[in-house]
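Visitor: Structure provided below as structure tokens; questions to follow.
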Amino acid sequence: MEKFPMTPRGLDALQKELKLLKSEERPAIIRAIAEAREHGDLSENAEYHSAREKQSFVEGRIKELEGLISLAEVIDPAKLSGPIKFGATVTLVDEETEEERTYQIVGEQEADIENGLLNIKSPLARALIGKEQGDSVEVRTPGGTRDYEVTLVEYK
């Protein structure tokens, strides 16, 4: 299987979710199933079927998280420098609107554009890789072409 990059913060978030699912969600579902069984006929017991469905979802997510954690290649951005690469925090100015935005380039599993975490596989991140502070970058997106100026590159 192929490893994928992730920041220490992203790995920590996955580990916390996994711990929550195993230590709280899983036992709560087991209790709900046991309680629903006590109500008798399982064939028409909506509580039982609902709990079993939730159990299936939680078990699937646990397996998914364990797989992701095992394949994560943790890269600490604080130990990096130079041109833009994975882990860089980049401040951009839209050359048309003068709007300033800051993004950190992160792995697929931890990407959250609303919180400034940019997926390394996104068109913007791919266009930024290798650029430096002061460079202009043209990004082709589904919404059209945008031009940005890189005003700051940090590794923190």
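The values are calculated or read from the model by the stated rules, or taken from the named source; none is laboratory data. Remember, predicted model here, so these are calculated numbers, not experimental data. We place every Cβ from the backbone using ideal geometry, glycine too, and count neighbours over all the protein chains shown. Accessible surface is based on the protein model in full, side chains and every heavy atom, while ligands, DNA and RNA are left aside. Shrake-Rupley method; radii C 1.70, N 1.55, O 1.52, S 1.80 Å.
Visitor: Give me the percent relative contact order of the chain, please, defined on Cα pairs under 8 angstrom at least 6 residues apart.
Guide: It rounds to 23 percent for the chain.
Visitor: Taking every Cα atom in the range 90-156, find the radius of gyration and the maximum pairwise distance Dmax, and write them in Å.
Guide: Computed over the Cα atoms of the range 90-156, radius of gyration and Dmax are 11.2, 31 Å.
Visitor: Near Ser23, within a Cβ-to-Cβ distance under 12 Å, what is the net charge of the other residues, with Lys and Arg +1 and Asp and Glu -1?
Guide: Taking every Cβ under 12 Å from that of Ser23, the sum is +1.
Visitor: Moving to a separate point now. Can you pull the percent of Cα pairs in the chain with separation above 25 Å?
Guide: Percentage above 25 Å: 48.
Visitor: For the range 1-70, treating each Cα as an identical point scatterer without solvent, what Debye log10 I(q)/I(0) comes out at q = 0.11 1/Å?
Guide: Log-scaled intensity ratios, in q order: -0.37.
Visitor: Quickly work out the Arg126-to-Ser56 label distance, labels modelled 7 Å from Cα along the C-beta direction, and quote it in nm with one decimal.
Guide: With each label point 7 Å from Cα toward Cβ, the separation is 3.6 nm.
Visitor: Further question: Roughly to the nearest percent, how much of the accessible area of the range 30-135 is carbon and sulfur, given a 1.4 Å probe?
Guide: Within the range 30-135, the accessible surface is 46 percent carbon and sulfur.
Visitor: Report, ordered by chain and residue number, the aspartates and glutamates lying within cross-link reach of Lys16, taken as a straight Cα distance under 16 Å and ignoring same-chain residues fewer than 8 apart.
Guide: The reachable aspartates and glutamates, counting only those whose Cα sits under 16 Å from Lys16, are Glu24, Glu25, Glu59, Glu64, Glu66, Glu110.
Visitor: Distance check, please: which entries in Lys3/Lys79; Lys3/Lys131; Lys22/Lys85; Lys54/Lys121 exceed 29 angstrom between their Cα atoms?
Guide: Lys22/Lys85; Lys54/Lys121
Visitor: Ranked highest first by the average count of other Cβ atoms within 10 Å around their residues, in what order do 99-110, 49-60 fall?
Guide: 99-110, 49-60
Visitor: In what sequence, highest mean first, do 25-37, 83-95 appear when ranked by Cβ atoms within 10 angstrom? Please list the in-between numbers first.
Guide: On the way: 25-37: 14.5, 83-95: 19.0.
So the order, starting with the most tightly packed, is 83-95, 25-37.
Visitor: Same structure again: With Cβ to Cβ distances under 14 Å as the rule, what net charge do the other residues near Leu71 carry (K, R +1; D, E -1)?
Guide: Here the count lands on -4.
Visitor: With contacts defined as alpha carbon pairs under 8 Å and 6 or more residues apart, what's the relative contact order of the range 1-75 in percent?
Guide: Values: 56 pairs, mean separation 43.5, N = 75.
The value is 58 percent.
Visitor: Any idea what % of Cα-Cα pairs in the range 36-97 are farther than 17 Å?
Guide: 69
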